Amino acid sequence: MWVTLIVFCLAILLAYSLGNYLAAVMQGRPMKTDRLFCWFEQPVYRILGVNPQSGMSVRHYINAFLMSSLLLLLVVCGIFMTQQWLPLNPNDAPNMNWDLALHTSISFLTNTNQQHYSGQAQLSHLSQMTGIVGLQVITPMMGLALVVATLRGLFYRHPQNTADQNEAVENSLNSHARPTTEVPVNVGNFWADVIRPACRFLIPLCVIWALLLTSQGVPSTFAGGPIVQVLDQQAEPNDQKIPLGPVAAMVASKQLGSNGGGWYGPNSAVPLENPTPLSNMLELLAILLIPMSVIFMIGKFTQRKKFMLMVLGSMLLMSVLSTGLALWSEGYSATSHSMSLMEGKEVRFGADASALWLALTTQVNNGSVNMMHDSAAPLTGLVALSNMLINTIWGGVGCGLQQFIVYLLLAVFVAGLMTGRTPELFGRKIEAYEIKLLAVLIVLQPLVILGFTAVTLWFPAITVHSNPAFHGISQVFYEYVSAFANNGSGFEGLGDNTLWWNLSCSIVLLLGRYPALIIPLLIAASLAGKRHAPESTGSLQVETPTFALTLVAIVVILTLLQFMPVLVLGPVADHVLLVGS
């Protein structure tokens with residue numbers, strides 16, 4: 001319990017300062033460190049051939065996002081498929097098959113880090129350092145860029161004349177991107193929105209965290225690792241190679257960037273990746289730090305502190321409830337004393353630290369683990385699934401806030417219907433076009449997750465799971481929920497390195513990432529183009545505790561009720577069966 005309180009308190013205290021700094025970075029304010037960081041940023045802009053001072057329309061912004069994603073996919077996939085012939089391969093990792101390389105590339109491109117491979121055995125140091133860590137730095141900043149562009153659209157103000165337009169440039173939410181006559185609604189510059197926070201925010205944090213983890217014994221070397229004698233000399237083989245590498249840098253980026261995954265197959269359950277209680281706390285703190293910072297960023301970025309507090313309060317309420325349920329399930333429920341539940345847990349962490357990690361890693365789109373989620377109590381698995389289905393309890397870097405905006409728009413629409421008012425957010429009416437786009441996102445989640453789960457369970461030959469009963473349903477359902485939520489954790493026991501799993505999960509990964517980032521931006525741009533009406537006493541007040549509770553209720557009802565049948569057939573039935581036995 002004390003660890004839980006310490007992690008939350010430290011995260012909030014650090015995130016407050018980091019959020020204010022991040023707001024200044026995303027607004028392009030002059031900073032004392034400009035001369036230093038320009039040494040890194042300007043060459044990148046020149047290589048890309050872009051002007052970071054030029055504003056973009058929504059169409060240009062989305063095109064830059066999609067085309068850069070496609071280019072990254074091709075490059076990283078090529079590295080994975082040719083790593084055997086490339087340098088920095090001391091462990092002789094073979095080339096990846098095309099389907100595994102495609103899934104791995106898409107998984108890290110979508111900030112999911114779902115692994116159908118074991119990193120220490122199937123990736124070279126070069127693949128880990130470029131394909132894996134490279135995407136772990138770039139893709140979170142892409143998510144941040146999209147949500148910042150969405151905020152610019154939601155709070156956009158139309159200049160009335162040339163003088164007003166010049167004044168708007170000086171005081172706009174994005175001072176480094178100037179509106180032009182060709183850009184009627186300026187949502188910023190995609191390249192600046194990715195490169196600035198990467199260089200000035202995420203990479204410095206990763207360096208600090210990597211040094212802290214190295215001090216705790218996490219490997220940070222280019223060596224392939226020593227060969228040691230096994231304890232049982234009668235066993236075959238009687239020696240074993242301990243794979244090492246620049247692990248600390250990868251762990252830092254995976255935790256801070258809401259990436260997940262791991263250098264080693266068992267992830268942060270491996271002592272080499274998470275050796276001490278302090279390293280465990282550092283990695284737990286890193287999961288929450290940047291998603292919380294993005295929430296605190298809202299206050300300075302939009303100049304609406306009450307709005308930031310409403311978002312923070314809603315997410316914190318859901319987070320506390322979720323974490324409390326996970327801790328209760330693992331430590332105090334009817335199944336907590338079953339020795340079978342210790343099978344995939346690290347004894348050095350115990351049930352509480354394992355449950356805390358499970359709760360936080362699924363509240364955030366992180367997916368790293370310090371235990372095997374397949375070994376969690378059934379109701380703890382239910383908590384993990386619920387967190388990912390909601391997908392906005394902190395969420396990923398940018399992605400969580402973007403999903404929250406979807407629920408915010410939906411709650412405004414529902415509240416408007418209940419009170420007999422035209423739905424309106426920040427002085428702009430929500431009309432048929434915006435509701436249709438929202439409907440696409442609401443329908444897409446159950447359609448994709450339940451559709452692929454049903455097909456996979458219908459054909460046992462492609463399921464390849466280790467539990468044919470209720471837990472088997474949970475295993476398959478969890479895999480697709482994790483992929484769609486861009487989380488990446490899993491109920492291990494699936495033989496998931498097959499053509500079906502690699503291709504089907506790749507489709508789910510893409511459908512879970514890109515519509516959820518792009519559609520809210522389209523809605524914000526549509527609202528930005530409408531006439532702004534001053535807010536009055538008759539306007540719906542979204543910055544109040546009452547509305548926050550309404551929003552949380554809509555999130556829970558909408559998300560969980562539509563998946564209630566499969567949750568009952570999976571973890572709930574599994575719990576009843578375990579209690580009965």
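The values are calculated or read from the model by the stated rules, or taken from the named source; none is laboratory data. Keep in mind that what you see is a predicted model, and the values were worked out from it rather than measured. Cβ atoms come from the backbone with ideal geometry, glycine included; neighbour counts cover every protein chain shown. Just so you know, the surface numbers come from the protein's heavy atoms only, side chains and all, with ligands and any DNA or RNA stripped out. Shrake-Rupley method; radii C 1.70, N 1.55, O 1.52, S 1.80 Å.
Is it fair to say residue 492 is under 30 Å from residue 417 (Cβ atoms), outside any helix (DSSP H, G or I) and acidic (Asp, Glu)? Criteria not met by residue 492. Residues of segment 42-93 that are among the hydroxyl-bearing types (Ser, Thr, Tyr), within 28 Å of residue 119 (Cβ to Cβ) and buried (at least 18 other Cβ atoms within 10 Å of the Cβ): 69 alone.
Determine which member of the set 354, 258 is in contact (Cβ under 8 Å) with a residue 24 or more places away in the chain and not in a helix (DSSP H, G or I). Only one candidate passes the filter, namely 258.
Scanning segment 256-281 for residues that are in contact with a Phe, Trp or Tyr (Cβ under 7 Å, 6 or more places away or on another chain) and within 21 Å of residue 10 (Cα to Cα) yields a count of 2.
A single entry from 489, 482 fulfils the requirement of being closer than 21 Å to residue 392 by Cβ, crowded, with 22+ Cβ neighbours inside 10 Å and either in contact with a strand residue (DSSP E or B) (Cβ under 9 Å, 6 or more places away or on another chain) or modelled with pLDDT of 95 or more (or both): 482. Kindly establish whether residue 39 is closer than 20 Å to residue 201 by Cβ and loosely packed, with under 13 Cβ neighbours inside 10 Å. Yes; evaluated as a whole, the condition is true for this residue.
Scanning segment 218-255 for residues that are touching a Leu at 6+ places or on another chain (Cβ under 6 Å), open to solvent by 40 Å² or more (accessible area, probe 1.4 Å) and without any contact (Cβ under 8 Å) to a residue 60 or more places away in the chain gives a single hit, 221.
Taken over segment 403-456, the criterion of being open to solvent by 50 Å² or more (accessible area, probe 1.4 Å), in a loop (DSSP other than H, G, I, E, B) and touching a residue at least 24 places away in the same chain (Cβ under 8 Å) is satisfied by 421 alone. Here residue 137 meets each of (1) within 31 Å of the chain's Cα centre (by Cα); (2) surrounded by fewer than 23 Cβ atoms within 10 Å (Cβ to Cβ); (3) at pLDDT below 95; (4) outside any loop (DSSP other than H, G, I, E, B) with one exception, condition (3).
Could you list all residues from segment 222-262 that are closer than 30 Å to residue 111 by Cα and hydrophobic (A, V, I, L, M, F, W, C)? Quick ask: steps written out before the conclusion?
Here is the first cut: in segment 222-262, the residues closer than 30 Å to residue 111 by Cα are 222-225, 242-262.
Those that are closer than 30 Å to residue 111 by Cα and hydrophobic (A, V, I, L, M, F, W, C): 222, 223, 242, 244, 247, 248, 249, 250, 251, 252, 256.
Just checking, how many residues over segment 492-511 are hydroxyl-bearing (Ser, Thr, Tyr) and open to solvent by 30 Å² or more (accessible area, probe 1.4 Å)? Spell out the reasoning first.
Restricting attention to segment 492-511, the residues satisfying the condition of being hydroxyl-bearing (Ser, Thr, Tyr) are 498, 504, 506.
Of the ones still in play, those that are also open to solvent by 30 Å² or more (accessible area, probe 1.4 Å) are 498.
Selection size over segment 492-511: 1.
Check segment 86-108 and report whether any residue there is within 22 Å of residue 483 (Cβ to Cβ), of a type in the set (Asp, Glu) and outside any loop (DSSP other than H, G, I, E, B). For segment 86-108, residues within 22 Å of residue 483 (Cβ to Cβ), of a type in the set (Asp, Glu) and outside any loop (DSSP other than H, G, I, E, B): present.
Here residue 204 clears all of (1) within 30 Å of residue 53 (Cβ to Cβ); (2) out of contact with any Gly (no Cβ under 9 Å at 6 or more places or on another chain); (3) of a type outside the set (Asp, Glu); (4) part of a loop (DSSP other than H, G, I, E, B) except the condition numbered (4).
Listed residues 559, 546; which is within 23 Å of the chain's Cα centre (by Cα) and either assigned to a helix (DSSP H, G or I) or crowded, with 20+ Cβ neighbours inside 10 Å (or both)? Talk me through it step by step, then tell me what you get.
Numbers: 546 fails: within 23 Å of the chain's Cα centre (by Cα).
Answer to the check: 559.
Does residue 115 satisfy being open to solvent by 10 Å² or more (accessible area, probe 1.4 Å), of a type outside the set (Asp, Glu), closer than 24 Å to residue 496 by Cα and over 16 Å from the mean Cα position of the chain (by Cα)? Taking the combined requirement at face value, the residue does not satisfy it. Does segment 312-323 contain at least one residue that is in contact (Cβ under 8 Å) with a residue 60 or more places away in the chain and over 22 Å from the mean Cα position of the chain (by Cα)? Checked segment 312-323: no residue is in contact (Cβ under 8 Å) with a residue 60 or more places away in the chain and over 22 Å from the mean Cα position of the chain (by Cα).
Consider segment 118-134 and keep the residues that are among the hydrophobic types (A, V, I, L, M, F, W, C) and open to solvent by 10 Å² or more (accessible area, probe 1.4 Å). The one that is farthest from residue 515 (Cα to Cα) is 121. The residues listed here are 301, 307; of these, the one that is of a type in the set (Phe, Trp, Tyr) and surrounded by fewer than 23 Cβ atoms within 10 Å (Cβ to Cβ) is 307. For the structure I just gave you, tell me whether residue 275 is at pLDDT below 90 and not in a helix (DSSP H, G or I). Here the answer is no, as residue 275 does not meet what is asked. Is one or more of the residues making up segment 51-67 within 22 Å of residue 253 (Cα to Cα) and touching a residue at least 12 places away in the same chain (Cβ under 8 Å)? Checking segment 51-67: at least one residue is within 22 Å of residue 253 (Cα to Cα) and touching a residue at least 12 places away in the same chain (Cβ under 8 Å).
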